[in-house]
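In what follows, a single structure is set out as structure tokens and then discussed.
The values are calculated or read from the model by the stated rules, or taken from the named source; none is laboratory data. Owing to the predicted nature of the structure, the values given are computational and were not obtained by experimental measurement. All Cβ positions, glycine included, derive from the backbone under ideal geometry; neighbour counts span all protein chains shown.
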Amino acid sequence: MSQILTEKPMVPSAVTESATGERKGLTRKEIVADHPTWCPGCGDFSVLALYFKLIEKRKLWHEKITTISGIGCSSRFPYFVQAHGAHFIHGRALPFASGVSLSRPDLHVFAFSGDGDAFSIGGNHFTHTARKNIKMTLVVMDNQVYGLTKKQTSPTSPLGFKSKTDIWGAVDYPINPAKQAISVGASFVARTSATNPNHVLATMEAAMDHDGFSFVHCLSECVEFYEGAFDAANPRKGGAFNEVPKSHDVTDEMAAYKLASADFPGYFGVLYNVNKPTKNAREAEINATLQGKFAGLKDWQILQKTFDKMK
Ligand SMILES: Cc1ncc(C[n+]2csc(CCOP(=O)(O)OP(=O)(O)O)c2C)c(N)n1
Ligand code: SF4
Ligand SMILES: [Mg+2]
């Protein structure tokens, strides 16, 4: 993939090399691209800062970082990261990310999305990427509103929420993202909140280490159009940040579903985490078998043979 987004050239790799020629991890300065255009106080700043921390901590290099998004305030994310990435079409971050993940097994793909982007226009892609267990991490920065388009009801807005599309208050039941993720087959599901930086970092790290589709539901307040939405989850605002009980078995799907179903704001932490073969692994297996069968043929010739077989 080429560098699609950031206009600034990426920092040359020499900068990341030590005197012995060994590559060092990137510094924050080397990862930061444009200054974020979010409103002061927006929860998304915290998620971005923690993504930078994750890159620093895990010593990822520019060419190993892939940040993909759809459209929305939250989806402006890749603009602010000095690495490969794409600010793609509204709701379509996951198909794009799937292509990158399946074709570049050496990368870990991060997709960042908003609640509208992921669960409204992109709802089907969420279901199918999860059920296919395509290796990537999806972080949904949920502010329970359409921020970029200035306050419409989103699929996670609570009943009664007054917006430009529901001036008398929302009448549609909201979805519960974690519950939905478990039920459609995501193999890693976690919940966190932008107001708890250590928790966000630990959660993104665990998600990155998961071999499969990892979903992080991150509450991230829109101070402009839904101020106070997550006070109930913030001890500094009189709320409670309840962590997943230590006794919870993350491989128990029913137990995870039950925990995910708890009344808002519910439990924070890893709710579900199981290992099952990814689409990436299954396809690689088929490719390896075919390569053995058609030794000496180029990839496109094998593809042509496959098409001929389908006729
Ligand atoms: C195909 C298409 N439909 C609608 C829009 C308009 N649009 C842009 S962002 C957005 C919703 C953003 O909400 P969300 O995904 O929750 O992100 P936020 O801005 O809240 O972070 C909409 C409806 C668009 N850009 N493209
Ligand atoms: S409108 Fe809301 S979501 Fe968008 S940048 Fe401002 S505070 Fe953040
Ligand atoms: Mg939103």
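Numbers for the structure displayed
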{"quantity": "Qualifying residues in segment 99-118 (those that are among the aliphatic types (A, V, I, L, M) and more than 8 Å from ligand 1 (Cβ to nearest atom)) - the one surrounded by the most Cβ atoms within 10 Å (Cβ to Cβ)", "calculated": "A111"}
{"quantity": "Residue count, segment 219-269 (criterion: exposed (fewer than 13 other Cβ atoms within 10 Å of the Cβ) and within 16 Å of ligand 2 (Cβ to nearest atom))", "calculated": "2"}
{"quantity": "Segment 4-45 - residue that is assigned by TED's automatic domain parsing to the domain that holds G114 and acidic (D, E) and, of those, modelled with the highest pLDDT", "calculated": "D44"}
{"quantity": "Index of the failed condition, Q180 passing every other in (1) more than 9 Å from ligand 1 (Cβ to nearest atom); (2) surrounded by fewer than 23 Cβ atoms within 10 Å (Cβ to Cβ); (3) touching a residue at least 24 places away in the same chain (Cβ under 8 Å); (4) assigned to a loop (DSSP other than H, G, I, E, B)", "calculated": "(4)"}
{"quantity": "Pair list, Cβ < 7 Å and 6+ apart or interchain, from segment 193-216 residues that are part of a loop (DSSP other than H, G, I, E, B) to residues that are surrounded by fewer than 21 Cβ atoms within 10 Å (Cβ to Cβ) and polar (S, T, N, Q)", "calculated": "A194/S46; T195/N234; H210/N273; D211/N275"}
{"quantity": "Enumeration of residues in segment 141-155 that are more than 8 Å from ligand 2 (Cβ to nearest atom), farther than 9 Å from G114 by Cα and of a type in the set (D, E, K, R)", "calculated": "K151"}
{"quantity": "Some residue of segment 225-245 being under 18 Å from the mean Cα position of the chain (by Cα) and more than 12 Å from ligand 3 (Cβ to nearest atom)", "calculated": "no"}
{"quantity": "Identity of the residue in segment 37-78, in a strand (DSSP E or B), without any contact (Cβ under 8 Å) to a residue 60 or more places away in the chain and more than 16 Å from ligand 2 (Cβ to nearest atom), that ends up farthest from F96 (Cα to Cα)", "calculated": "I65"}
{"quantity": "Residue pairs meeting the criteria (Cβ under 6 Å; at least 6 apart or on separate chains; first at pLDDT 95 or above, in segment 141-153; second assigned to a loop (DSSP other than H, G, I, E, B) and within 7 Å of ligand 2 (Cβ to nearest atom))", "calculated": "N143/C222; V145/C222; V145/F225; G147/C73; G147/C222; G147/F225; L148/C73; K151/F225"}
{"quantity": "Residue ID - farthest from H125 (Cα to Cα), chosen from residues in segment 183-192 that are in a loop (DSSP other than H, G, I, E, B) and not aliphatic (A, V, I, L, M)", "calculated": "S187"}
{"quantity": "Any hit, segment 46-67, residues being away from ligand 3 (no atom under 16 Å from the Cβ), within 30 Å of G160 (Cβ to Cβ), of a type in the set (S, T, Y) and in the same structural domain as I182 (by TED's automatic domain parsing)", "calculated": "no"}
{"quantity": "Residue within segment 104-121 that is farther than 25 Å from M208 by Cα and among the basic types (K, R) present", "calculated": "no"}
{"quantity": "Complete set of residues in segment 79-119 that are within 15 Å of ligand 2 (Cβ to nearest atom) and either in a strand (DSSP E or B) or without any contact (Cβ under 8 Å) to a residue 60 or more places away in the chain (or both)", "calculated": "F80, H87, H90, F112, S113, G114, G116, D117, A118"}
{"quantity": "Within segment 119-160, tally of residues that are within 21 Å of G41 (Cα to Cα) and surrounded by fewer than 23 Cβ atoms within 10 Å (Cβ to Cβ)", "calculated": "5"}
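Residue by residue, here is whether (1) within 21 Å of P265 (Cβ to Cβ); (2) within 16 Å of the chain's Cα centre (by Cα) holds:
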| residue | (1), (2) |
| --- | --- |
| F110 | no, yes |
| T127 | no, yes |
| R131 | no, yes |
| M136 | no, yes |
| V145 | yes, no |
| Q152 | no, no |
| S157 | yes, no |
| F161 | yes, no |
| I175 | yes, no |
